[in-house]
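The values are calculated or read from the model by the stated rules, or taken from the named source; none is laboratory data. Quantities reported herein were computed from a predicted structural model and do not represent experimental measurements. No Cβ is skipped: glycine too gets one built from the backbone with ideal geometry, and neighbour counts run over all protein chains shown. Just so you know, the surface numbers come from the protein's heavy atoms only, side chains and all, with ligands and any DNA or RNA stripped out. Shrake-Rupley method; radii C 1.70, N 1.55, O 1.52, S 1.80 Å.
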Amino acid sequence: MNARLDPVPAAIPPARAGIGLRAPHYREILATRPDSGWLEVHSENYFRDGRPLWFLERIREHFPVSLHGVGLSLGSAGALDAEHLRQLKNLIERIDPGLVSEHLSWGAVDGRHLNDLLPLPYTAEALGRVCAHIGETQDFLGRRILVENISSYVRWRHDTIPEQEFVAEVALRTGCGLLLDVNNIYVSAVNHGFDPRAYLEAIPGDCVEEIHLAGFDEGATCLIDTHGRRVSEPVWQLYRETIESLGPRPTLIEWDTDIPALSVLLDEAATAQCILENMNAPHAHFRSLPPKGVHASLGAAHREA
Amino acid sequence: MPSLHELQSTFARGLFDPADASVLAHLRGARGMDAAAGFAVYRNSTFSNYRTALREAYPVVLRLVGETFFDQAADGYVRATPSVFGDINIYGDAFGAFLSGCPGARELAYLPDVARLEWACHSAFGAADAQPLDTARLAEVPPEQLDELRFTLHPSASLLDSPWPVLSIWRVNQPDFAGEQSVDLAAGGDRLLVMRRGHDVDLEPLHAAEYALLAALAAGAPLGGAMEAALAEDAAFGLGSSLQRHVAAGTLVDFAIQ
């Protein structure tokens, strides 16, 4: 058996930027141990034995790791997949992650998985269902999870609750944490014509334990959340405002299509780190700071409601 | 108002059946789009996700048939074959069988077998680890019980028998292959053991008798029966050395006496 090092502690450092760990970068990350506060992986890619899990276990010795699921389908009307939950729990036991997150979406119905992050109707029924599934997941895993707001291209006509209130209510009812995807808020805000700052004001800041940033593509008629580009300028702006009002939160750079050199991800993470440390960011577009104070009560606003 | 289940069921039907537009009555598009345009983004992303997963599992098939044909076949497969797992990495096991029924693929008679080989590799890549067989335990088995031993193969191991030279086809279509690209299709078939050793998947050509031995053991036959199957292929087959080799190499990872 190989001698194993004691891994670094599991906790994700609260004021650090991290990057998504992707297969093309395994060797370089192990060899160079770059200055990334932590790493995040898609849980499902490590459910099975073999090369990816072997690398993740080695990398975990040097970095805190968070697990980010894309396939549990918390929002399905039907039951959760017990086998999927069991595999997730096994992975948690093996990796000792600092955070475990899933999406506030659905992706399975009538025994068929659609393997996508699909929007829920924001109704009382869906709220009850997704909260029950989050509760079931937290009970089974024996730990708190975070849930992430998704981007969307349609709305259900049956919506009765604004998305941000739905997200906030999920956290308050289940005790789960929130993974606030600032890029998703921006993409949906542009697509559906709402004010992203009003969205942020409805989110209970104390529940936000992680932030995601990624790049989108401009489709013919809407923004598409591809995770295939650098973070856009307006999203950096929104992120800065978010950090100013919430205080620092672990922040992840996600990149899933056309994965670039590791140095590009680290460069994006360095920009987030500058904002987290309230330093002058190295990019020209940060010269004009957004007005301060506007969103200072982001957390308090909800508690009063 | 329709139930959550009804809405999700209607959405899913609309994703896979272009003729079923009933979900659109329940949706509003993003600003500047009608519901159909918004829904089309989901249809595109869903099919794109599956195409990507199938391209990763079947890179040689992709090279053999080209992107246009591959994507059409992939979309047809996705419509016909629901994914039953939240983990998309394990979707696509029956793509080879589906290809054999595709009109355009019939000229490439070897294509389904190449696809089966690629799925064996893809599965082996993520199969469970296993501890090596305890040879001390094996040495303690009384000789009169040897025929009754039933062996377990490594979870990543699979055996593949094709009338086509699928190993050569596979090799010349690897991205790092440098050499003569042509394969003599009349060169005869391959019998292969596919399994993960370390992190890499190994493709090992086997002689007929050795293939018969392992295939019988994999099917649950006792050693005595598996030996008969091997000797029927080649009466001079060196059974002992073959067994030793597959124990040492980790092909056989466990046994029971029944």
Cα centroid of region B:78-125 to Cα centroid of region B:167-189, whole Å: 20
Computed [θ] at 222 nm, helices only, for the protein assembly as shown once each DSSP H run of length n ≥ 4 contributes -39500 (n - 2.57): -13000 deg cm²/dmol
Whether region B:174-258 is rounded, prolate or oblate, judged on the alpha carbon gyration tensor where a/c under 1.5 counts as rounded: oblate
Average beta carbon contacts from partner chains per residue of A:217-228, 10 Å cutoff: 3
Solvent-accessible area lost in complex, 50 Å² minimum, residues of region B:74-93 relative to chain alone, 1.4 Å: B:86, B:87, B:89
Calculated diffusion of region B:16-155, Stokes-Einstein form, Kirkwood radius summed over Cα pairs, 25 °C and 0.890 mPa s, µm²/s: 132
Sparse-neighbour loop sites [GluC sites (Glu not before Pro); region B:169-258; at most 13 other C-beta within 10 Å; DSSP]: B:180
Projected label distance in nm at residue B:48 and residue B:239, using a 7 Å step from Cα toward the beta-carbon: 5.8
Cα-based equivalent ellipsoid, region B:112-221: semi-axes from gyration tensor eigenvalues, Å: 31, 17, 11
Size descriptor, Kirkwood hydrodynamic radius, that averages inverse alpha-carbon separations across chain A, Å: 19.7
Within the accessible area of region B:25-135 (1.4 Å probe), percent carbon and sulfur: 53
Gap separating the Cα centres of region B:195-258 and region A:91-126, nearest whole Å: 43
Residue A:61/residue A:256 FRET efficiency (R0 25 Å; Cβ-Cβ; nearest 0.05): 0.50
Loop-located trypsin sites (Lys or Arg not before Pro) in region B:42-118, at most 14 other Cβ atoms within 10 Å (DSSP): B:106
In range of the label at residue B:97: residues from region B:131-164 whose backbone nitrogen is under 19 Å from the point 7 Å along Cα→Cβ: B:158-163
Solvent-accessible area buried by pairing A with B, both sides, nearest 100 square angstrom, 1.4 angstrom probe: 4300
Accessible solvent surface per residue of the protein assembly as shown, calculated while the other protein chains remain in place, 1.4 angstrom probe, Å²: 42
Within-13-Å neighbourhood charge of residue B:234 [Cβ basis; K, R +1; D, E -1]: -2
Proximal charge balance of residue B:95 [Cβ under 10 Å; K/R count +1, D/E count -1]: -1
Near-label residues of region B:64-104 by backbone N, under 20 Å of a point 7 Å along Cα→Cβ of residue B:174: B:64-65
Net charge, residue A:87 excluded, C-beta distance under 12 Å - Lys, Arg +1, Asp, Glu -1: -2
Rounded to 5, percent antiparallel among DSSP beta bridges of chain A: 15
Whole-number percent relative contact order across region B:1-144, with pairs defined as alpha carbons under 8 Å at least 6 apart: 17
Stokes-Einstein translational diffusion, the protein assembly as shown - Kirkwood Rh over all Cα pairs, 0.890 mPa s, 25 °C, in µm²/s: 94
Cβ-derived FRET efficiency at R0 22 Å, residue B:199 paired with residue A:96, nearest 0.05: 0.45
Percent carbon-and-sulfur accessible area, region B:162-250, ignoring ligands, DNA and RNA, probe 1.4 Å: 53
Shape call, chain B: gyration tensor on alpha carbons, a/c limit 1.5: prolate
For residues of A:100-111, the mean tally of beta carbons on other chains within 10 Å: 3
Table column - 3J(HN,Hα) (Hz), region A:229-235, Karplus curve with 6.51, -1.76, 1.60, x for Gly and Pro: 9, 5, 4, 7, 4, x, 6
